[in-house]
1. Kindly indicate the residue of region 52-75 that is over 17 Å from LYS87 (Cα atoms) and aliphatic (A, V, I, L, M) and also most open to solvent (accessible area, probe 1.4 Å) among those meeting that condition.
2. If LEU105 passes every condition in (1) over 17 Å from MET1 (Cβ atoms); (2) modelled with pLDDT of 90 or more but one, which one does it miss?
3. Could you check how many residues of region 6-22 are more than 13 Å from ILE50 (Cα to Cα) and free of Cβ contacts under 8 Å to residues at least 24 places away in the same chain?
4. Report, by residue number, each residue of region 26-51 that is within 19 Å of GLN15 (Cβ to Cβ) and either β-branched (Val, Ile, Thr) or open to solvent by 60 Å² or more (accessible area, probe 1.4 Å) (or both).
5. List the pairs whose first member sits in region 80-96 and is within 9 Å of GLY57 (Cβ to Cβ) and without any contact (Cβ under 8 Å) to a residue 60 or more places away in the chain, whose second member is open to solvent by less than 90 Å² (accessible area, probe 1.4 Å) and of a type in the set (A, V, I, L, M, F, W, C), and whose Cβ atoms are under 9 Å apart, counting only residues at least 6 apart or on separate chains?
Amino acid sequence: MKIGEIAERAGVNIQTVRYYERRGLLVPASRTRSGYRMYRRAEVSRLRFIKRAQDMGFSLEEIAELLELRVRHAAACGDVEAKAREKIRVVEARVRELERMKRSLESLVAACERREPTGECPILEALEDSHGG
C-alpha cells in the first residue's frame, strides 16, 4: 500500500509517516519505479504501536528501543517492564511538579480576587519577581 493509505489506516498524517521514516522507526518495504513508497500491512500495526507508546509518554528514542525489544519477543519482557516502571516514575514526578504549579497558580488567582481595583496584578508581579531577582 502507498503512504497515503498506510497513514489513513493508522490514523496519522503523511508527514508523520515520513518523519518516522527519517527517525528510523519505519521503513517502506519497497519503492515503485516512479518512487512511491510501498508498505506492508504490518507497518500499520507498527505505526499504531508508535502512536500508543507516544500517548503513554514514551519519547521516540524510547519507542525505538521498545520496537527493538519487541522483535526479541519474550526475552524482552523484563526489559520492557523496567522501561515502563521508569516511565511511571517520570510521570509521577511530572504529576508532583504539575500539582505544585497548580497550587502556585491557585494562590496567585486568590491574590487577584483579593486585590483592590487599582492594585497591581499579583500574577504579573510574581512573574517579574521570579525572573528579575
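1. Across region 52-75, the extreme among qualifying residues is VAL71.
2. Of (1) over 17 Å from MET1 (Cβ atoms); (2) modelled with pLDDT of 90 or more, only one is false for LEU105: (2).
3. Initial filter on region 6-22 (more than 13 Å from ILE50 (Cα to Cα)): 6, 8-9, 13-15, 18, 22.
From what's left, free of Cβ contacts under 8 Å to residues at least 24 places away in the same chain: 8, 13-15, 18, 22.
Qualifying residue count, region 6-22: 6.
4. Once the filter is applied, which keeps residues that are within 19 Å of GLN15 (Cβ to Cβ) and either β-branched (Val, Ile, Thr) or open to solvent by 60 Å² or more (accessible area, probe 1.4 Å) (or both), region 26-51 yields VAL27, ARG31, TYR36, VAL44, ARG46, ARG48, ILE50, LYS51.
5. Filtered contacts from region 80-96: LYS87/PHE58.
The values are calculated or read from the model by the stated rules, or taken from the named source; none is laboratory data. The structure presented is a predicted model; accordingly, all values stated were derived computationally and were not measured. Cβ atoms come from the backbone with ideal geometry, glycine included; neighbour counts cover every protein chain shown. Please note that ligands, DNA and RNA were not included when accessible areas were found on the heavy atoms of the full protein model with its side chains. Shrake-Rupley method; radii C 1.70, N 1.55, O 1.52, S 1.80 Å.
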